[in-house]
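This report concerns only the one structure given below.
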Number of protein chains: 2
Amino acid sequence: VGPGEFVAIDRIQHLLAARLGAPPEGETWVGDDAAVVQAPGGPLLLAADLVVAGVHADLDLEDLDDLGWKSLTVNVSDIAAMGGVPGHALVTVAGPPDTDLGLLYAGLAEASDCWRCPIVGGDLSNGPVVVVSVAVTGSMPEGRAPLLRSGAREGDLVFVTGPLGAAAAGLRALREGRDDAAAQALAARHRRPEARVAEGLAALAGGASAMIDISDGLAADLGHLARASRVGVDLDHIPVAEGAMEAEALAGGEDYELVFTAPHPEAVARSFDAAGLARPPLLGRCTSRAGQLRLGGQPLEASGWEHEWRWGD
Amino acid sequence: VGPGEFVAIDRIQHLLAARLGAPPEGETWVGDDAAVVQAPGGPLLLAADLVVAGVHADLDLEDLDDLGWKSLTVNVSDIAAMGGVPGHALVTVAGPPDTDLGLLYAGLAEASDCWRCPIVGGDLSNGPVVVVSVAVTGSMPEGRAPLLRSGAREGDLVFVTGPLGAAAAGLRALREGRDDAAAQALAARHRRPEARVAEGLAALAGGASAMIDISDGLAADLGHLARASRVGVDLDHIPVAEGAMEAEALAGGEDYELVFTAPHPEAVARSFDAAGLARPPLLGRCTSRAGQLRLGGQPLEASGWEHEWRWGD
């Protein structure tokens, strides 16, 4: 989402809170990667995201199966960003009658299979463009509380689950019509992003204090985490994916790596080792300058595209 | 959905089953009002429906708050049709930047408040028309199994929770530009349908064997129930709402009353009495003629609009 949408979402949050009241103790509604509600068996995670052809996906550059894959995977990523495990998915699709539903659902089913998140229901409608909305449930490992954006503390270290910018570089390669092997590998990162479920669980087990997935770009998403946690972040290192530019790593978005904070780097290393995962690169450290991001000592602006929403009259 | 969409949904169901396998014992995936999955605390109900401006809602005849109300209520109705209680809702909205989100969310919040189903998350995107997709969770009263479409048996009686056709008659009144008191009351039934949660619970408590909500019209929806249960239905009475025509009661759709089958009419009467609800009218009886609907001895065709979907090449 762009900044205009953040404003709209903030207003929606206020309208809903005025009407519905605050969440009960132990629940988190609008404002984190996934909502947390209490169910008889423990916390239930709920996330929903939208993929609109022409807005989030350019069907000249990727196919309907890629769009299907992405629409489910971004929701699984929201569950992963809570330290959770995906449960089940609901899929609604609007599109013109000539939409190749077989191709779209092939990509949805592949992602569903890959992330062990069965599609159990949904709806289908005529509509002017392809709009895929997916809702996903998730659960936490027994006895564990979800990892919110708001738990980071001054002094916590900041990690990311992998190098950044590959998705943006892949989109650039697609737009430039490059089809060498390197370009194809990058393009695959744009068309078929992965959800870091195992990494999210390892971060949780390693004592992470806060976590978010990188959908809007490192700077923007780390900004959300910093504001929610009322800390600043000083970055001294950005791991840039091979073939990507630093600007793409910082602001590109859609990498769906997880960025998390944790007080004890040894515990993080042990936990990722135990899971057979590469140790996550260290980016920097949380400071007391609430909401302020700096890279190499210089202030960092969260960038994004502007999009104005009307609100009332 | 129209018959073309039933075909597409059937194909999707086969594609997903081929890839994901059959649901585990005790779960119901695509094909009922809501999906049933097993969670640590008991069955979890999951439903998702789509409302597209220009397809399901004519914004010349109803406002965005009505569209918001309807998009949440139809999902709560799916939970009610399982004999369940709504839990939480996720809402995704695509629309042009000049969409009045305040009005849309006012209707969503009203419905959320009315059905005690808090909106806990969602997403927002730019898009060419307003598309609202809502996913809702639900739970069953302690120890009770969800009421599927497939449980009706020969000899069971068929009940409906109220007279039918008001929503279709209301749409007609709106199209004709009528604004007398009677027309306004009917129009309200079109713009602000109600979910029969209390009635669904009473049907469950009264020993109902199968249930479905009437979204596509009595004939179409009772046809789904009859096919799923492998019974026929002989109707001898259709309760027509005041101001509606019999054709509207039979095929109008969007009434969101519940139609259910039950073996013991006294138990149904007792249960609705105990809940302080009007006793549901008796429509007819289940027969051994699998999938066949008859009204007054004559075969009844399920009607609906045709809409062709492309499937592969």
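The values are calculated or read from the model by the stated rules, or taken from the named source; none is laboratory data. This structure is a prediction, so every number in the text was calculated from the model and none was measured. All Cβ positions, glycine included, derive from the backbone under ideal geometry; neighbour counts span all protein chains shown. Accessible surface areas use protein heavy atoms only, side chains included; no ligands, DNA or RNA. Shrake-Rupley method; radii C 1.70, N 1.55, O 1.52, S 1.80 Å.
Taking 0.36 nm per intervening residue step and subtracting the Cα-Cα distance, what contour gain separates residue A:266 from residue A:230 on full extension? Mind dumping the intermediate values first?
On the way: separation 36, 0.36 × 36 = 12.96 nm, distance 2.47 nm.
Here the segment from residue A:266 to residue A:230 would lengthen by 10.5 nm.
For a distance above 27 Å, tell me the whole-number percent of Cα pairs in chain A that qualify.
Numbers: 20623 of 48828 pairs.
For chain A, the share of Cα pairs beyond 27 Å comes to 42 percent.
Hey, in the GNM for chain B with a 10 angstrom Cα cutoff, which one of B:67, B:258, B:104 fluctuates hardest?
Most flexible of the set in this elastic network: B:104.
Of the residues B:219, B:278, B:290, which exhibits the maximal mean-square fluctuation in a Gaussian network model of chain B defined by a 10 Å Cα contact cut-off?
B:278
Seen from all sides and averaged, what is the projected area of the convex hull of the Cα atoms in the stretch A:129-205, in nm²? It would help to have the intermediate numbers written out before the result.
Numbers: hull surface 33.3 nm².
In nm², the orientation-averaged hull projection of the stretch A:129-205 is 8.3.
Work out, step by step, the length gained on full extension between residue B:181 and residue B:25: first 0.36 nm times the residue separation, then minus their alpha carbon distance; give nm to one decimal.
Numbers: separation 156, 0.36 × 156 = 56.16 nm, distance 5.15 nm.
Full-extension gain reported as 51.0 nm.
Quick one: accessible surface of residue B:140, probe radius 1.4 Å, all protein chains present, in square angstrom to the nearest 10.
Accessible area, nearest 10 Å²: 20 Å².
So if we plug the beta-carbon distance of residue B:188 and residue B:14 into 1/(1 + (r/R0)^6) with R0 = 41 Å, what FRET efficiency do we get, rounded to 0.05? Write out the running numbers ahead of the final one.
Details: r = 40 Å, r/R0 = 0.99.
After rounding, the FRET efficiency stands at 0.50.
Please give the average number of partner chain Cβ atoms lying within 10 Å of the Cβ of each residue in A:110-123, rounded to a whole number. Please list the in-between numbers first.
Numbers: counts 1, 0, 3, 4, 0, 0, 1, 1, 11, 9, 16, 17, 12, 14.
The per-residue average across the peptide is 6.
Among residues other than residue B:163 whose Cβ falls under 10 Å from its Cβ, what is the net charge (Lys/Arg +1, Asp/Glu -1)?
Details: positive: none; negative: B:242, B:255, B:257.
For residues surrounding residue B:163, the net value is -3.
Take residue A:289 and residue B:59, extend 7 Å from each Cα along the Cα→Cβ direction, and tell me the distance between the two endpoints in nm.
Result: 4.4 nm between the two label points.
Take every residue in peptide A:23-30, count the Cβ atoms of other chains within 10 Å of its Cβ, and give the average of those counts. Working shown, then result.
On the way: counts 3, 1, 0, 0, 3, 2, 5, 7.
The per-residue average across the peptide is 3.
For residue B:188, go 7 angstrom from Cα along the Cα-to-Cβ vector, then report the distances to that same point in the other copies in nm, smallest first.
Sorted ascending, the copy-to-copy spacings read 6.0 nm.
Considering only A:165, A:107, A:177, give the residue with the highest GNM mean-square fluctuation for chain A, with springs between Cα atoms whenever their separation is below 10 Å.
A:177
Put a point 7 Å out from Cα along the line to Cβ at residue A:116; what are the distances to that point in the other copies, in nm, shortest first?
Copy-to-copy label distances for residue A:116: 3.5 nm.
Give me the summed buried accessible area for the A-B pair, 1.4 Å probe, to the nearest 100 Å². If you can, show how the numbers build up before the last one.
Details: alone 14800 and 14810 Å², together 23970 Å².
So the total buried area for this chain pair works out to about 5600 Å².
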